[in-house]
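These notes concern the structure reproduced below.
The values are calculated or read from the model by the stated rules, or taken from the named source; none is laboratory data. Owing to the predicted nature of the structure, the values given are computational and were not obtained by experimental measurement. So basically every Cβ, Gly included, is an ideal-geometry build from the backbone, and we count neighbours across all protein chains shown. Just the protein is used for accessible areas: all its heavy atoms, side chains included, with ligands, DNA and RNA removed. Shrake-Rupley method; radii C 1.70, N 1.55, O 1.52, S 1.80 Å.
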Amino acid sequence: LHYNALLAACADAARRRDAAAGDAALGVLRKMEERGVAPDSRSFSAAVAAAEPAGAEGLLAEFESSALASDPEGAPFVYCAAMRASLRAGEWEAALSLLDRMRARGVDPDSHCLGAALEATTTI
């Protein structure tokens, strides 16, 4: 729980355009790993939200390979965070491709993901 609170603070800092937020979130994830604490979908979604789009892509791939099967209910949060990170960077194509990617992995988009996709289409 404490790690997720730290990661949520990193995501909040990223929303305020703090350039160090992504590195801080990665540091928290690595500390969790060192201590044998497995990150869940909340951990990954907050870290993805804190990361720059390139970093978010790597975190999403890590989530897909390690935590997706064990936490499928939380998967939409992670994908939505990645979509929002892409939109913040002006990368609407990447946001829409994430919607396709999640569907290909059998993850049903929730209303937040669909909202992010709709936002992406308004920038076309």
Legend entry - Whichever residue in the stretch 16-32 is free of Cβ contacts under 8 Å to residues at least 24 places away in the same chain and small (Gly, Ala, Ser) and, among such residues, is surrounded by the most Cβ atoms within 10 Å (Cβ to Cβ): Gly27
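Which count do you get for residues in the stretch 33-49 that are farther than 24 Å from Leu87 by Cα and buried (at least 19 other Cβ atoms within 10 Å of the Cβ)? Can you show your working first?
The first filter runs over the stretch 33-49 and keeps only residues farther than 24 Å from Leu87 by Cα, leaving 33-39.
After this cut, where a residue has to be buried (at least 19 other Cβ atoms within 10 Å of the Cβ) as well, the list is 39.
Here the count works out to 1.
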Inset, instruction - May I ask you to say which residue of Val78, Val37 is part of a helix (DSSP H, G or I) and either more than 17 Å from Val107 (Cβ to Cβ) or within 8 Å of the chain's Cα centre (by Cα) (or both)? - result: Val78
Legend entry - Failed item, numbered, when Tyr3 is tested on (1) closer than 20 Å to Tyr79 by Cβ; (2) open to solvent by 20 Å² or more (accessible area, probe 1.4 Å); (3) touching a residue at least 40 places away in the same chain (Cβ under 8 Å): (1)
Inset, instruction - Answer yes or no as to whether Ala20 is of a type in the set (Gly, Ala, Ser) and more than 21 Å from Val107 (Cα to Cα). - result: yes
Inset, instruction - Please enumerate the residues belonging to the stretch 50-60 that are open to solvent by 80 Å² or more (accessible area, probe 1.4 Å) and out of contact with any helix residue (DSSP H, G or I) (no Cβ under 6 Å at 6 or more places or on another chain). - result: Ala54, Glu57
Inset, instruction - Kindly provide the set of residues from the stretch 42-57 that are part of a helix (DSSP H, G or I) and farther than 10 Å from Asn4 by Cα, ordered by number. - result: Val48, Ala49, Ala50, Pro53, Ala54, Gly55, Ala56, Glu57
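Among the residues that make up the stretch 6-15, is at least one of them loosely packed, with under 15 Cβ neighbours inside 10 Å and modelled with pLDDT of 90 or more?
Filtering the stretch 6-15 for residues loosely packed, with under 15 Cβ neighbours inside 10 Å gives 12, 15.
Checking which are modelled with pLDDT of 90 or more leaves us with 12.
Checking the stretch 6-15: at least one residue is loosely packed, with under 15 Cβ neighbours inside 10 Å and modelled with pLDDT of 90 or more.
How many of the residues making up the stretch 62-75 are of a type outside the set (Gly, Ala, Ser), open to solvent by less than 30 Å² (accessible area, probe 1.4 Å) and in a helix (DSSP H, G or I)? Explain how you work it out, then say what you get.
If we filter the stretch 62-75 for residues that are of a type outside the set (Gly, Ala, Ser), which is where we start, we get 62-64, 68, 71-73.
If we keep only those that are open to solvent by less than 30 Å² (accessible area, probe 1.4 Å) as well, we get 63-64, 68.
Filter once more, so that each one left must be in a helix (DSSP H, G or I): 63-64.
Of the residues in the stretch 62-75, 2 are of a type outside the set (Gly, Ala, Ser), open to solvent by less than 30 Å² (accessible area, probe 1.4 Å) and in a helix (DSSP H, G or I).
Give the stretch 89-113 a look and list any residue that's in a helix (DSSP H, G or I), over 16 Å from Leu60 (Cα atoms) and either in contact with a strand residue (DSSP E or B) (Cβ under 9 Å, 6 or more places away or on another chain) or open to solvent by less than 80 Å² (accessible area, probe 1.4 Å) (or both), or say none.
Keep residues of the stretch 89-113 that are in a helix (DSSP H, G or I), which gives 92-104, 111-113.
Still in the running and over 16 Å from Leu60 (Cα atoms): 92-93, 111-112.
Listed by number, the list holds a single entry, Trp92.
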